[in-house]
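Read through the structure below, which is laid out as structure tokens, and then see the notes.
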Amino acid sequence: MNKYRSDNVLSADNQQERLKKINPWYIVGFVEGEGTFHVALHKDPRMKQGIKVIPEFHVNQSILRMETIEAIQDYFDCGYLKQNHIQREDDDTYVYVVRDRKDLLQKIIPFFEKYPFLSNKGETFNIFKRITSMMNNGEHLTKNGVRKIVDLAYKMNQGGKYRKVKKEDLFL
């Protein structure tokens, strides 16, 4: 028996080894419950069309189960981890975030095309994929393109139900 390795299948070492070999379908299932595809929209006069468009992939988890989102981050080899809702003292969650468009286009989107969702999260993913592709083609730099992107973004995640800014207010 190796003195540095436990034969206990529940040991921390074995748990870390299992997570390094995370199953892609586990990631899909985890994202079904704890993940989101989001397109942040902010009025920004520095942007050509006055609106900043930021596509984001998020996965949330309690600090008690950080190893799960760390394993997902390791799998994709991109993005970053940060405390979620840092201003709320009672929130112990962390979030894995991927914002880099290249990583979204080359790693995240192809992964979920290969391993599709079973739920209506697939619809949101498809809109997210379309918006990211539109941005890659420079459509967010045109008035018509940014309007299409905003319209699509407000169809995501239950029709924009949780958005703080009304769609019309972005164009005022």
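The values are calculated or read from the model by the stated rules, or taken from the named source; none is laboratory data. All values derive from a computational prediction rather than experimental measurement. Backbone-built Cβ (ideal geometry, glycine too); neighbour counts: all protein chains shown.
Across region 125-144, what is the total count of residues that are more than 16 Å from the chain's Cα centre (by Cα) and touching a residue at least 60 places away in the same chain (Cβ under 8 Å)? If you could, list the steps in order and put the result at the bottom.
Filtering region 125-144 down to residues more than 16 Å from the chain's Cα centre (by Cα) leaves 134-144.
Filter once more, keeping what is touching a residue at least 60 places away in the same chain (Cβ under 8 Å): 135, 140-143.
Matching residues across region 125-144 total 5.
Working carefully through the options L41, L81, find the one that is in a strand (DSSP E or B) and within 28 Å of V150 (Cβ to Cβ). Quick ask: steps written out before the conclusion?
On the way: L81 fails: within 28 Å of V150 (Cβ to Cβ).
Of L41, L81, the one residue that is in a strand (DSSP E or B) and within 28 Å of V150 (Cβ to Cβ) is L41.
Please give the number of the condition I86 fails out of (1) modelled with pLDDT under 85; (2) more than 15 Å from the chain's Cα centre (by Cα); (3) surrounded by 13 or more Cβ atoms within 10 Å (Cβ to Cβ).
Of (1) modelled with pLDDT under 85; (2) more than 15 Å from the chain's Cα centre (by Cα); (3) surrounded by 13 or more Cβ atoms within 10 Å (Cβ to Cβ), only one is false for I86: (3).
Take the residues in region 19-28 that are at pLDDT below 95 and surrounded by 14 or more Cβ atoms within 10 Å (Cβ to Cβ), then tell me which one is nearest to F112 (Cα to Cα).
Among those residues, the one meeting the criterion is I22.
Is at least one residue of region 29-38 modelled with pLDDT under 95 and more than 18 Å from the chain's Cα centre (by Cα)?
no
Consider Y115 carefully, then state whether it is among the aromatic types (F, W, Y), out of contact with any strand residue (DSSP E or B) (no Cβ under 9 Å at 6 or more places or on another chain), at pLDDT 95 or above and buried (at least 18 other Cβ atoms within 10 Å of the Cβ).
Values: among the aromatic types (F, W, Y): yes; out of contact with any strand residue (DSSP E or B) (no Cβ under 9 Å at 6 or more places or on another chain): yes; at pLDDT 95 or above: yes; buried (at least 18 other Cβ atoms within 10 Å of the Cβ): no.
Here the answer is no, as Y115 does not meet what is asked.
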